[in-house]
1. For the stretch 377-464, please list each of the helices (runs of 4 or more DSSP H) lying entirely inside it that holds at least 3 residues being within 22 Å of PHE365 (Cβ to Cβ).
2. Taking the criterion of being closer than 30 Å to LEU359 by Cα, touching an Asp or Glu at 6+ places or on another chain (Cβ under 7 Å) and of a type in the set (D, E, K, R), would at least one residue in the stretch 402-418 satisfy it?
3. Any idea which residue in the stretch 245-299 is farthest from GLU233 (Cα to Cα), counting only those that are out of contact with any Leu (no Cβ under 8 Å at 6 or more places or on another chain) and of a type in the set (Val, Ile, Thr)?
4. So which pairs qualify, if the first residue must be in the stretch 425-449 and of a type in the set (Phe, Trp, Tyr), the second must be not in a helix (DSSP H, G or I), the Cβ gap must be under 9 Å, and the two must be at least 6 apart or on different chains?
5. Looking at (1) modelled with pLDDT of 90 or more; (2) part of a helix (DSSP H, G or I), which is the only condition LYS207 fails?
Amino acid sequence: MNKQSLKEVSDIQGIVNVLFDSSKEAELSSLAAIKQLFPLTDTSQATICIKPENENKCIDIILQHLGVLENTIQSSEEELRLQKRIIINPDSVGGEEFCNLLELIAQTFSYFEDTRLMLFYTLTEKQLVADVIIKEQKLFIKIIPYESKDNSEFYSRCLKDAPEDSAIRSLWYEETFEASIFSSDIPQRYKNIKMLEQILPDDQKAKADTKFSYAMCEFKLEHPLKAMEYLHEAIEILPDHFASLEQLATQYFHEKAYAQAVVYYERAIQLIPDGGRDMLARKIDCLIALDRWKELPTAISDLVTFTPIWRSRWLLLFCKKFGDYKRHDLRLFALHEIIDNYQKKLSDNSITTNEKSELLEALHFTYLHLVYTQHALGNMNSALMYIDKIINEYQWDNKAAHRAKAIILMELKMIPELEEEIEILKVLESKDPETYVLEGGLLILKHKFEEALSAYQKAVRLEPYNCYNGYFGVGHALAWLGRDTEAIPYYQKSLTIKPNQPRCLSDLGSSLANIGQTNEAIEALNKAITLEPTYYHPYYVLGCIAAKAGNAEEAIQWLSASIACNPDVVARLKEEPDLISLRSLSIFQKLLQ
């Protein structure tokens with residue numbers, strides 16, 4: 001079949017017109033064109049896919065005239081496609097006529113900016129699929145084998161018979177290259193690679209591809225050193241060989257050779273339009289491992305710039321990692337980058353309602369992370385400003401936002417405002433244990449320790465198995481009431497739910513010290529310091545223990561460390577009964593100044 005044996009392209013264009021015009025003339029013209037172009041041997045195999053808004057107008061008429069017995073209608077809001085399943089004589093596969101047929105089909109649908117035509121055909125009892133894609137007026141063909149272990153003869157035939165200037169030739173070559181990589185049979189992989197070398201022996205890309213294919217075989221055989229040699233040979237032949245650069249970077253990453261990985265990630269990233277979000281993310285991992293913090297702001301900006309806007313959400317994972325490293329400055333930078341990116345997208349009038357809703361939700365959660373980051377930095381007023389922005393400006397009036405606001409208000413000891421937020425939380429969800437944990441904290445601030453104990457106990461009753469804050473709160477309230485022996489089991493229960501919590505360990509150490517279990521207390525307090533060296537409380541308690549034991553010099557050292565972490569400790573030193581033995585010392589008096 002060739003171009004001359006077909007009707008005029010203008011007639012064939014009727015296939016397209018039927019999507020937009022339900023007039024009788026258009027219908028007949030389209031159906032005639034379909035039957036002329038695709039003489040179906042099995043009408044039950046016809047499948048047509050069109051935009052949702054055109055379904056009611058066109059689908060029933062088209063399927064009725066085609067005599068489709070069973071039909072599958074697929075719709076997509078993102079792209080306009082028309083799919084057709086047909087049978088082609090196996091003898092026509094490959095060669096100039098077959099290429100002409102595919103190119104004519106492609107021309108037929110070039111009316112659309114991005115249209116796909118799927119062709120199913122048989123070849124010596126092996127089913128294959130040709131995916132013809134027109135995008136930006138360029139023709140792409142991809143051949144995908146089904147139920148076939150060895151397609152090398154078919155690919156070889158297509159490559160040899162296709163015209164030299166045909167766009168199909170290069171893409172069939174690409175498919176042969178993929179077959180050489182992904183075959184599970186290693187000897188078959190080598191056979192495919194040898195075939196490539198014979199078909200295109202003088203092509204630089206082909207040479208680099210074959211080296212890459214050999215490398216993948218060696219990786220499969222667990223010969224990583226030999227595989228790496230092949231990859232380096234590939235980029236010596238073709239310095240911009242993307243697959244080899246990416247594989248080298250990935251291999252160096254897994255070997256924890258992070259400096260080399262960064263070099264190859266950067267080279268590979270430059271070769272693709274979107275910057276390669278996964279590679280950019282790996283590059284950031286490498287820079288963190290290398291402590292190259294100064295380079296991270298640029299890397300973060302690149303990742304946000306090249307990543308589709310809704311995917312920026314997963315960059316929050318890096319924000320958590322920066323928090324783990326106590327690099328809240330970088331976390332703050334990344335969050336502002338994400339927020340700016342979301343806001344730019346929200347200002348785009350072309351986005352759909354669903355996209356806008358998704359973006360707003362993502363923006364809210366990002367602001368929430370910003371609140372917690374400001375909290376970690378001790379910027380409580382900034383944190384409060386952002387949480388008010390979420391609730392008032394963006395109208396994100398939900399439990400997560402109000403809980404975050406309550407936590408900030410508790411840090412600021414803004415008791416009336418905190419009471420108001422807790423009442424809001426009770427209305428939003430009356431059986432949330434964390435609300436009663438917050439209420440317990442409020443009552444501690446008001447020195448209503450019995451009522452605080454009741455609030456924490458209610459939280460534990462609502463969530464008896466996993467309420468770390470509830471059990472911790474019960475212990476805390478009991479300690480305030482001077483019931484340290486009762487408090488200790490609650491601290492220990494908290495630590496079984498969430499081990500290695502420095503605040504809980506410090507309070508446990510304090511209660512153990514109060515009942516005379518000094519060795520156990522010191523062990524818990526030292527562990528708390530190891531976990532959070534900037535937390536003042538364990539130093540303070542160790543100072544009190546040393547003072548009671550008569551070790552004045554050691555006590556002064558611990559208390560000095562506590563003041564360095566939190567200058568407000570000075571006010572407590574003046575009233576602490578455990579420090580009476582130190583008050584006559586001049587060095588202690590200096591601490592009070």
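1. 380-388, 399-412, 415-428, 433-445
2. There is at least one residue in the stretch 402-418 that is closer than 30 Å to LEU359 by Cα, touching an Asp or Glu at 6+ places or on another chain (Cβ under 7 Å) and of a type in the set (D, E, K, R).
3. Across the stretch 245-299, the extreme among qualifying residues is THR298.
4. As it stands, the answer is PHE449/LEU481, since those pairs meet every condition given.
5. So the condition that LYS207 fails would be (1).
A quick yes/no check of all residues on (1) within 44 Å of the chain's Cα centre (by Cα); (2) of a type in the set (Phe, Trp, Tyr):
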position: VAL460; (1), (2): yes, no
position: TYR465; (1), (2): yes, yes
position: GLY475; (1), (2): yes, no
position: LEU481; (1), (2): no, no
position: GLY509; (1), (2): yes, no
position: ASN514; (1), (2): no, no
position: THR534; (1), (2): yes, no
position: ILE545; (1), (2): no, no
position: GLU554; (1), (2): no, no
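Conditions tested, residue by residue: (1) surrounded by 19 or more Cβ atoms within 10 Å (Cβ to Cβ); (2) modelled with pLDDT of 95 or more; (3) within 27 Å of PHE588 (Cβ to Cβ); (4) of a type outside the set (Asp, Glu).
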| site | (1), (2), (3), (4) |
| --- | --- |
| GLN457 | no, yes, no, yes |
| PHE472 | yes, yes, no, yes |
| ASP484 | yes, yes, yes, no |
| SER506 | yes, yes, yes, yes |
| LEU531 | no, no, no, yes |
| GLU553 | no, no, yes, no |
| ASN566 | no, no, yes, yes |
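The values are calculated or read from the model by the stated rules, or taken from the named source; none is laboratory data. A quick note: this is a predicted structure, and the numbers were derived from the prediction, not measured. Backbone-built Cβ (ideal geometry, glycine too); neighbour counts: all protein chains shown.
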